[in-house]
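Notes to accompany the following structure.
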Amino acid sequence: MTQHAPADPWTGDAAQPTPPGRRSRRTRPAKLGTTVVEQIVDDIVRGVLRPGSALPPEGDLCEEFGVSRTVIRESVKVVQEKGLVRIEHGRGTQVTDPRQWNLLDDVVLTSVIAHDENATFLDELVSVRTALETDMAAAAARFHTPQDDERIAAELAAMRASLDSAPDFGAADVRFHDMIMAASRNRLGRAIVNSIHDKARTSMRYHGEYNEPVMRQTLDEHQAISDAIAAGDPDAATAAMRRHILDSWNRRRPTP
C-alpha cells in the first residue's frame, strides 16, 4: 500500500520531505504558517535579510521550511501586513526599512526586544511607558473612587506579603500598575502599556532580578504613588510614578 506524506495541518497540502543535507525549520504540531511568519520576521529583525534586499524565491522557502507554496504566499502576506516586507509585481518581495515596521505587533515587538543587544529599544520602551503611566497616575489621582483605592491598596499589600517570593511579588507589582491605569479611565493608554510591557517582561534583560533590597525599595516607591493618588494630588502622583519607573529601570538596565 502506498504511504502518503501526512497532510499539512494549516492548509491540508501534503508535506514535502526534507532534501538530504538540508536542514528543515519546520516544527510540528505547531501551525506551519505561524512558524514561517515568525522565522521570516526574526530573520529580518536580526539582519539576516537586510532592508532593500529581496526574500528568497518561493521555491527556496518551500524547501527551507518544508511547506507548500500556499503556506509561503499566505505567510509572506502576513509579514507584509506587519510592515516588514513589500510585495511588488515584477520585483519580488522587498524587505522594508525598519521605520515602516509595526512595532506594536506582537511578533515584531517580541523579536525586536529579543535582538536589542544594546538595550536602546528597551530605553525607548521605558520612555514611552513613563510618558503614558505618569499621565495615567495623574488621571487616577483626579478620578479615583474608593473602590479604586481598595484595589490599589490590595495589590500593595500583596507585594508586602510576598517579599519571600519573587514571582508572586512580580505578579503583584504588575497588577498594582494595572489597577492605577484602570483608575485613570484611559483605556487606550492602559492597553498600549500592557501590550508593550507584557512583551518586554519576557526578556530577562528588561525585568532583571528581584532581591529583598530591590523589593523593599519598590514597595516604598509604590507606597508614595498610592499615597499621592489616594490624596487626590495629580502632581505628586506624576512625580512619584516618573521617579519610580526611571529609577527602577536605571537599577536593572543591562550593561552593554
Scanning the range 175-188 for residues that are farther than 19 Å from Arg253 by Cβ, out of contact with any Leu (no Cβ under 7 Å at 6 or more places or on another chain) and either modelled with pLDDT under 95 or not small (Gly, Ala, Ser) (or both) gives Arg175, Asp178, Met179, Ile180, Met181, Arg185, Asn186, Arg187, Leu188
Going by the conditions given, is Gln147 without any contact (Cβ under 8 Å) to a residue 40 or more places away in the chain, open to solvent by 70 Å² or more (accessible area, probe 1.4 Å), among the polar types (S, T, N, Q) and under 27 Å from Asp220 (Cα atoms)?
yes
Matching residues in the range 189-214 - criterion: being open to solvent by 70 Å² or more (accessible area, probe 1.4 Å) and in contact with a Ser or Thr (Cβ under 9 Å, 6 or more places away or on another chain):
Arg190, Thr202, Tyr210
Please return the ranges of helices (runs of 4 or more DSSP H) entirely within the range 189-252 where 1 or more residues are at pLDDT 95 or above.
212-230, 234-252
Given the condition touching a residue at least 40 places away in the same chain (Cβ under 8 Å), under 24 Å from Gly47 (Cα atoms), surrounded by 14 or more Cβ atoms within 10 Å (Cβ to Cβ) and among the acidic types (Asp, Glu), answer yes or no: does some residue in the range 86-97 qualify?
no
When Ser226 is evaluated against the numbered criteria (1) of a type in the set (S, T, N, Q); (2) surrounded by fewer than 17 Cβ atoms within 10 Å (Cβ to Cβ); (3) over 25 Å from the mean Cα position of the chain (by Cα), which criterion, by number, is the only one it fails?
(2)
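Conditions (1) closer than 30 Å to Asp178 by Cα; (2) touching a helix residue (DSSP H, G or I) at 6+ places or on another chain (Cβ under 8 Å); (3) assigned to a loop (DSSP other than H, G, I, E, B); (4) not small (Gly, Ala, Ser), marked per residue:
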| residue | (1), (2), (3), (4) |
| --- | --- |
| Val76 | no, yes, no, yes |
| Gly90 | no, no, yes, no |
| Thr93 | no, yes, no, yes |
| Val107 | yes, yes, no, yes |
| Asn118 | yes, no, yes, yes |
| Leu122 | yes, yes, no, yes |
| Val126 | yes, yes, no, yes |
| Glu133 | yes, yes, no, yes |
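Quick grid of which residues meet (1) open to solvent by 40 Å² or more (accessible area, probe 1.4 Å); (2) outside any strand (DSSP E or B); (3) over 28 Å from Ile113 (Cβ atoms); (4) modelled with pLDDT under 90:
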site: Arg23; (1), (2), (3), (4): yes, yes, no, yes
site: Val41; (1), (2), (3), (4): no, yes, no, no
site: Val48; (1), (2), (3), (4): yes, yes, no, no
site: Val67; (1), (2), (3), (4): no, yes, no, no
site: Gly83; (1), (2), (3), (4): no, yes, no, no
Some residue of the range 151-171 being touching a helix residue (DSSP H, G or I) at 6+ places or on another chain (Cβ under 7 Å), open to solvent by 40 Å² or more (accessible area, probe 1.4 Å) and not in a helix (DSSP H, G or I)
no
Considering only residues that are aliphatic (A, V, I, L, M) and either under 16 Å from Arg151 (Cβ atoms) or not assigned by the TED database to the domain that holds His144 (or both), which ones fall in the range 183-227?
Ala183, Ile225
Out of the range 229-251, which residues are exposed (fewer than 14 other Cβ atoms within 10 Å of the Cβ) and of a type in the set (Lys, Arg)?
Arg251
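The values are calculated or read from the model by the stated rules, or taken from the named source; none is laboratory data. What you are looking at is a predicted structure, and each value in this text was computed from that prediction instead of being measured. No Cβ is skipped: glycine too gets one built from the backbone with ideal geometry, and neighbour counts run over all protein chains shown. Surface areas here come from the heavy atoms of the whole protein model, side chains and all, with no ligands, DNA or RNA. Shrake-Rupley method; radii C 1.70, N 1.55, O 1.52, S 1.80 Å.
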